[in-house]
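The values are calculated or read from the model by the stated rules, or taken from the named source; none is laboratory data. If you're wondering where the values come from, they're calculated on a predicted model, not measured in any experiment. Glycine also receives a Cβ, built like all others from the backbone with ideal geometry; neighbour counts cover every protein chain displayed. SASA here: full protein model, heavy atoms, side chains in, ligands and nucleic acids out. Shrake-Rupley method; radii C 1.70, N 1.55, O 1.52, S 1.80 Å.
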Amino acid sequence: MKIHEYQGKELLKKFQVPVPRGEVAETPQEARTVAEELGNGPFVVKAQIHAGGRGKGGGIKVAATPEEVENAANRILGMTLVTPQTGPEGRLVNKVLVEQAQEIEKELYLGIVLDRTSAQPVLMMSSAGGMEIEEVAARTPELIIKETVDPTAGCMPYQARNLAFGVGLGPQLIRPAVSFIDNLYRMFTALDCSLAEINPLVVTKKGEMLALDAKINLDDNALFRHHDLAALEDPEEMDPLEHEARKHHLNYIRLSGNIGAMVNGAGLAMATMDLIKAAGAEPANFLDVGGGASAEMVTNGFRIILADPQVKGVLINIFGGILRCDVLANGVVQAVKEVQVKVPIIVRLEGTNVELGREILQNSGLKFTVATDMMDAARKVAALVQ
Ligand code: ADP
Ligand code: MG
């Protein structure tokens, strides 16, 4: 789950990671009040969207006075901000963060991610802050210093020192850097983050270290033990269909193709997407309705797939195990009653109660094509949408 910069900074504060003073605002008037309460300018007004590169897209403005803050907020709020990370459609800005502008001496990068290869958190620090880390990694990988942390031992002081010295910080900055890194790591583990990225981490002219930006992603699978964090979710930032799917406990991810796929089991769903591609078409979604899905979940899944206007054909690929074929068929039939199906449907059904499932579909009045096996199903649906 992604959260906004202002929310990330609230969390950082709780873990004693220093951030600029600031507050979120939803109207230009509120933004002005925040600036007045902060006191001395200059201020920075920052668009809050779940994407980076805001500076380049015009979503970050410096303002000298509360009045200028109001004007800047007026321009930013309600704008559709396009950045290299939003795609051409951009994102609507509903909130701004107003904070004290810092006099920047140096911009660094600090990030913690879970490295799936070593199955351990990796700390990365770079003197090339403010730039996209992927670009730094591609062009000047020697500027990225890494430390892999044994999660049972935690981040050791020597590791934090290696990073701080490695990016060329002077002696008086080693101590604050070490505690910055240590605190960020504590937050990363305590909150079950999947990513904690501070870019830039700045050294100010006064010699302070501050998190100027905060990109914090939380592990969805751990949210059940952080109910307070689940509330940070912003539905406006989510794909509406993905949001709807989550309400029904469906694992649905929207993709850019035009073949909707209804599958049970994540592995089978992945294989189905591969087959759709192998047949020369593109999947419109990943959907694992799950092993123990009810007819109602199938109905919701089918409805969500069809709600995507990109979808020009649907492939139902079910291997009935715990989810029986008749339950699936009943779910599909129910969905068909609720929504009009205007696209061709290909069904590949095998496993428990397959005969019964086929019978239910056949008697439903729904027009569909039966496939003999998975590859046949993928070829047929690809041919139909072309
Ligand atoms: P993004 O990554 O989306 O572009 P950042 O928060 O990293 O947004 O801000 C981009 C740039 O704007 C920073 O690299 C920094 O130069 C400037 N900036 C952001 N916040 C402040 C601040 N509080 N004071 C001074 N400059 C800032
Ligand atoms: Mg940034």
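Points worth noting:
- Rounded to 10°, Cα long-axis angle of helix 171-190 versus longest principal axis of the chain: 30
- Size of electric dipole in the chain: Cβ of Lys, Arg +1 and of Asp, Glu -1, about Cα centre, debye, nearest 20: 460
- Two-decimal Rg/Rh across the range 270-386, once Rg and the Kirkwood Rh are taken from alpha-carbon atoms: 0.92
- Table column - 3J(HN,Hα) (Hz), the range 126-141, Karplus curve with 6.51, -1.76, 1.60, x for Gly and Pro: 8, 7, 8, x, x, 9, 5, 5, 4, 5, 4, 4, 6, 8, 9, x
- Calculated FRET efficiency for the pair GLU355/GLU236, C-beta based, R₀ 51 Å, to 0.05: 0.65
- Solvent-accessible area per residue in the chain equals 47 Å², computed with a 1.4 angstrom probe and all protein chains kept.
- Each DSSP beta bridge with both residues in the range 239-385 is either parallel or antiparallel, and the antiparallel ones are about 20%.
- As a fraction of the 1.4 Å probe accessible area of the range 21-101, surface on carbon and sulfur atoms comes out at 47 percent.
- DSSP bridge pairs, the chain: antiparallel proportion in percent, nearest 5: 75
- Residues in the range 190-234 that a label on LEU114 would reach, taking backbone N under 14 Å of a point 7 Å out along Cα→Cβ: 190-196, 217-226
- The relative contact order of the range 324-386, computed from alpha carbon pairs under 8 Å that lie at least 6 residues apart in sequence, is 42 percent.
- Between helix 325-338 and the chain: long-axis angle, C-alpha atoms, 0 to 90°, nearest 10: 80
- Fluctuation leader among PHE224, PHE286, PHE302 - the chain, Gaussian network, Cα springs under 10 angstrom: PHE224
- For the range 157-315, a crude dipole built from +1 on the beta carbon of Lys and Arg and -1 on the beta carbon of Asp and Glu, taken about the Cα centre, is about 520 debye to the nearest 20.
- Candidates VAL311, VAL24, VAL45: whichever shows maximal mean-square fluctuation once the chain is modelled as a Gaussian network with Cα springs under 10 Å: VAL311
- Charge dipole of the range 162-243 about the Cα centre (unit charges at C-beta), most positive-ward option of ASN183, HIS243, LEU218: ASN183
- Contour excess over end-to-end distance, with Cα ends at GLU105 and ASP228 and 0.36 nm allotted per residue: 40.7 nm
- Cα gyration tensor, the range 12-98 - rounded (a/c under 1.5), prolate or oblate: oblate
- Only the Cβ atoms of Lys and Arg (+1) and of Asp and Glu (-1) were treated as charged; on that basis the dipole of the range 21-101 about its Cα centre amounts to roughly 400 debye.
- Taking 24 Å as the limit for the C-alpha separation, the pairs LYS56/LYS206; LYS95/LYS146; LYS61/LYS106; LYS13/LYS56; LYS277/LYS337 exceed it in the case of LYS56/LYS206; LYS95/LYS146; LYS13/LYS56; LYS277/LYS337.
- Considering the chain, its Cα convex hull presents a mean projected area of 21.5 nm².
- Ratio of Rg to Rh for the range 39-144: 1.05 [Cα atoms; Kirkwood radius as inverse mean 1/r over pairs].
- Axis of helix 266-278 versus longest Cα principal axis of the chain: the two differ by about 80°, to the nearest ten degrees.
- Fraction of antiparallel bridges per DSSP, the range 169-305 only, in percent to nearest 5: 85
- Contour excess over end-to-end distance, with Cα ends at ASP274 and THR369 and 0.36 nm allotted per residue: 32.2 nm
- Amide H contacts under 5 Å for ASP115, placed H, 5+ residues apart: GLN120, VAL122
- GNM on the chain, alpha-carbon springs under 10 angstrom: the most fluctuating residue among GLY130, GLY365, GLY154 is GLY365.
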